[in-house]
Each structure stands twice: as C-alpha cells, then as structure tokens.
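Peer 1: The structure follows.
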C-alpha cells in the first residue's frame, strides 16, 4: 500500500495559531510587567512559535491519523474481491468518508446481486428437479409394474412400454434443450450465418405446425400478402427454431378458434423486425420480466400439462442474443401477446 498522503493543514494551522497567540500574549504580559515591552520581539516570537507548533502538530496528527486510517484501508482491503493493487492512503477526512461510503454502496449492490442470484439458483434447481423427476417416476412406475407381473400380459406390456418410452423421450427432450442452452450461454455454439428469405422460412414453419394448430382450430397466417422475398442474414436453422418455439407457445396457450399472425417489417436501414401476435390468454404483467428464465412458468400446473421442456423461451432469447439482436414482448392478460425480434437484412438483395 503506497504511503502517499493527501495532507490537510487546516487543523494544524488552527491549533498552532491558538498556541502562538496564547504564548505571545503570555510573553507580552510578562514583558509589560517588567517594563521591557518590545513589539518587534513579540511579533517575531509569535511567528516562531506558530511555525514550530504547526510543524510539530502537523507531524504528530498526520502520523496519528495515518496509522488509524491505514488500518481502515487494510480492513477494507480484506473484503475486496479483486486482486490487491497499490492504492493511495488519504488522511483527508472528507475524501476518506466519500471512499468509505462508495465502498459500502458497492458492497450493498454486490450483496443484493448475490441474493438475487441465490434465489434464481434455488428456483432453477427446484424447477429442473421437478421437470426431471416427473418423467423419471413415470418411467420407473411402468417398469416396476411390468416387473411385478404385468410383463406376462402382452397387451399390457406393449402399452406400458410405449408409455415408458414417451417418458424417456421427454427426458431426452429436456436434456437436449439443456445442452443447447448451455452451449449458447458459454458461446460454444457456432452460428452459420447465411442469406435466406424469412417469409419462406415462416411458411415452412406454418406447414410443420399445421396439424398442431388444427387440433385447436387456430389459424396461422401473415398480416398481409408478401409478394416479394425479404432476405435476412442469420443462422437459418436457429432462426427456424426461434419461430417454431414462439409459434408453438402461441398455439399451446392460444384460445380455440384463435389466430396467430406473423408480420415482417422494416425497422431501420439494415434491420427488420419479425412480430408474432396472438389473441390468446396473454401474460400477467408481473410475470413478463422473468419470462425468459429457464423453466419459468406462469401457471405451473397447466403449463406442465401442456408439455414442453420449459426452456423454449430461454432458448429463443439466447439464440437472438447470439445474433447480437434484440427480442421484445408485449402482453395483456386476457387479450393476447406479441413477441418480436430483430434481424439483420441481407447485404445482397
């Protein structure tokens, strides 16, 4: 720790001045008593006393304050999470107070952040545990039933094995999504960007989800007829997954006989924005800030009954952010939701 001091002379000067005045007045009184009063001698004496007193008080107070302030710095440095670096020790009280207040404020923010992360960690572990144990217990239940004697019944055996297989498929689905989102978060997933027509891609997803939408009589449509292609530069496969996840969510939580509409608009010179709007259940305002968290569900019981890994929106967010783009959500409970994200326009049209 460097021993450079920001010196404050005010206290030493004031104290030395008081001592000089008192001693000078005392000497003046003595001189006057013996009738040898000399003003020049008194002035010189006063300045000498002031100078000597100032030096002694400044040196002593500086050493006294420095030792205690240094201890404060040493105690504070033990709490620092960063690597130790040389720092200036100040004996100026105002500067010291500001530094201590800033340190306390930074630590308060750090503690609050850690508390939020701890709550998130607890929620995540609880959610992932629930998501995994449900299909695991289901598979275990069917296998145990077969082992207890149902294996001899051919019809029961086939039915239970099929149900156990569905449980295993759900586990695989969850693990694959967890693996994907982990790779996205640590930047291990390489994006293969290419030029493609976003309108054609949306049409392909419409065809893939047509049967799923028909079960609830939900119409998948564009907001208008797009006669010309709209080329964008992105990872085609990953953007298809984004649109698929958003449309599946829209179908899953949409009203029967509802509509899900996709629009693609020019945003700025080199950007387009893709909007996916539905007239479904909508999302209560308090849930929106956490909607892209892993396994976060607005309605736990109903959402799990609808299936899915609970990672769809988290994957969407990470894919869009991996493209250095933004995703937005607007929703009103009972009215519907709109998810939108930006994409870079293709350089060659």
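Peer 1: Could you run through region 291-342 and say how many residues are outside any loop (DSSP other than H, G, I, E, B), at pLDDT 85 or above and closer than 18 Å to residue 238 by Cβ?
Peer 2: Qualifying residue count for the region: 15.
Peer 1: Please work out which residue is farthest from residue 184 (Cα to Cα), limiting yourself to region 220-269 and to residues that are in contact with a helix residue (DSSP H, G or I) (Cβ under 7 Å, 6 or more places away or on another chain) and free of Cβ contacts under 8 Å to residues at least 40 places away in the same chain.
Peer 2: Checking each candidate, the answer is 226.
Peer 1: Please work out which one of (1) within 30 Å of residue 59 (Cα to Cα); (2) surrounded by 12 or more Cβ atoms within 10 Å (Cβ to Cβ); (3) modelled with pLDDT of 80 or more is the condition residue 31 fails and give its number.
Peer 2: The number of the failed condition is (1).
Peer 1: Hey, which of the helices (runs of 4 or more DSSP H) in region 189-290, taking only ones fully inside, have at least 3 residues that are on the phi < 0 side of the Ramachandran plot and buried (at least 20 other Cβ atoms within 10 Å of the Cβ)?
Peer 2: In region 189-290, the matching helices (runs of 4 or more DSSP H) lie at 198-208, 236-252.
Peer 1: I'd like to check something: does region 66-80 contain any residue that is in contact with a strand residue (DSSP E or B) (Cβ under 9 Å, 6 or more places away or on another chain), modelled with pLDDT under 65 and not in a helix (DSSP H, G or I)?
Peer 2: No - not one qualifying residue is present in region 66-80.
The values are calculated or read from the model by the stated rules, or taken from the named source; none is laboratory data. Treat the numbers as computed from the prediction; the structure is a model and nothing was measured. Here Cβ is always computed from backbone atoms with ideal geometry, including for glycine, and neighbour counts include all displayed protein chains.
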